[in-house]
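Beneath this line is the structure, given in structure tokens, with notes to follow.
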Amino acid sequence: MVNANNPLSISDADCTRCGECAAVCPAALVRVGSRGPRILGDPAACMRCGHCVAVCPTKSLTHGLLVEDCLPLDDAWRGSFRQAEQLIKGRRSVRRYESTPVEREAILRLLDVARYAPTGMNSQTVKWLVVYEADAVKRLARSVIDWLRSIQAANERVASRYDPAAFIAAWDAGHDPILRGCPHVLLAHGHRDDPLAAGSCTIALTTAELAAAAMGLGTCWAGFLHMAAQSWPATQHQLNLPANHTTHGALMLGHPAEQYHRIPPRKPADVQWR
């Protein structure tokens, strides 16, 4: 049974009282004394991030409030900077997809990795909607086009920049300029009143995007879908999110129909030193 007053426990006699668990605690709750580590103050303030357990060099510490065990890392878990650099620079926004669907198990693996993305205060409140069936994806794209038609009728532009006429004309000609014929859409959402949800969802989507690239999958941010989901009732109805939830970004997902072999240039980093 978990000790509500001190959920930390030493699982063997190897604890060296090094204090690393206390040093990494974001809430400064952990203290190490002669009897080992313990939480001082209100245990309810613990973020349950698992840092204290993950940093223990002797694997002596357990945390009774964690929902799962802290699994060991591979010795080469960091890879190399060169590998990370190539993945980040090689990632492209994919706008042509094969019709073959991605297996559900692969998408679940992808989202299992994305749940380890950092969230504000370790809130872990990111929720996912997977629009898996191709017909449902097409209906979503059509609802966004209807939203663009309403903007065109009001003689407005999208985000003060984009003329909706070009997108509408492409759709009417049989092309999909919204979701690009992708087989699936991943959408991250959270509660409207959660001030941390937007940042947490954006980080989770970015993590999923990089993980997808490592899996050989293609992604592209679905910006027009995201905008329509903020205000257009037909799109909101199709998404059918839980009450008081809102979208914080979406990704097209599928097997890419294109492969890139070069890294396009980017502007130099705009850096100030103080």
Problem set entry | From ALA208, ALA213, ALA153, ALA198, residue being farther than 24 Å from TYR97 by Cα and under 16 Å from the mean Cα position of the chain (by Cα) | ALA198
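Inside the range 20-126, counting only helices (runs of 4 or more DSSP H) that do not spill past its ends, which hold 3 or more residues that are closer than 30 Å to PRO183 by Cβ?
81-90, 104-114
Condition check ((1) modelled with pLDDT of 95 or more; (2) not in a strand (DSSP E or B)) across all residues:
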| site | (1), (2) |
| --- | --- |
| ALA188 | yes, no |
| PRO195 | yes, yes |
| LEU205 | yes, yes |
| ALA250 | yes, no |
| GLN259 | no, yes |
Seminar exercise, completed: Screening ARG115, ARG109 for residues that are surrounded by fewer than 16 Cβ atoms within 10 Å (Cβ to Cβ), of a type outside the set (Gly, Ala, Ser) and in contact with a helix residue (DSSP H, G or I) (Cβ under 8 Å, 6 or more places away or on another chain) leaves only ARG115
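Would you confirm whether any residue within the range 238-246 is in a helix (DSSP H, G or I) and either within 22 Å of the chain's Cα centre (by Cα) or β-branched (Val, Ile, Thr) (or both)? Full working, then the answer.
Filtering the range 238-246 for residues in a helix (DSSP H, G or I) gives 238-239.
Those left that are additionally either within 22 Å of the chain's Cα centre (by Cα) or β-branched (Val, Ile, Thr) (or both): 238-239.
Yes: one or more hits.
Filtering the range 147-178 down to residues that are part of a loop (DSSP other than H, G, I, E, B) and touching a Lys or Arg at 6+ places or on another chain (Cβ under 8 Å), which residue is farthest from ALA222 (Cα to Cα)?
Going residue by residue through the range 147-178, those that are part of a loop (DSSP other than H, G, I, E, B) are 154-157, 159-161, 163, 173-178.
Restricting the remaining residues to those that are touching a Lys or Arg at 6+ places or on another chain (Cβ under 8 Å) gives 163, 176.
Working: ASP163: 17, ASP176: 12 Å.
So the residue we want is ASP163.
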For this session: Tell me, please, whether a residue that is in contact with a helix residue (DSSP H, G or I) (Cβ under 6 Å, 6 or more places away or on another chain), more than 23 Å from ALA213 (Cβ to Cβ) and either surrounded by 12 or more Cβ atoms within 10 Å (Cβ to Cβ) or not aliphatic (A, V, I, L, M) (or both) can be found in the range 72-87.
Result: no
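Could you please let me know if SER93 is exposed (fewer than 14 other Cβ atoms within 10 Å of the Cβ), among the small types (Gly, Ala, Ser) and farther than 29 Å from HIS175 by Cβ?
Details: exposed (fewer than 14 other Cβ atoms within 10 Å of the Cβ): yes; among the small types (Gly, Ala, Ser): yes; farther than 29 Å from HIS175 by Cβ: no.
For SER93, the condition - exposed (fewer than 14 other Cβ atoms within 10 Å of the Cβ), among the small types (Gly, Ala, Ser) and farther than 29 Å from HIS175 by Cβ - is not met.
The values are calculated or read from the model by the stated rules, or taken from the named source; none is laboratory data. Keep in mind the model is a prediction, meaning the values are calculated, not measured. Don't worry about glycine lacking a Cβ; one is built from the backbone with ideal geometry, like all the others, and counts go over all protein chains shown.
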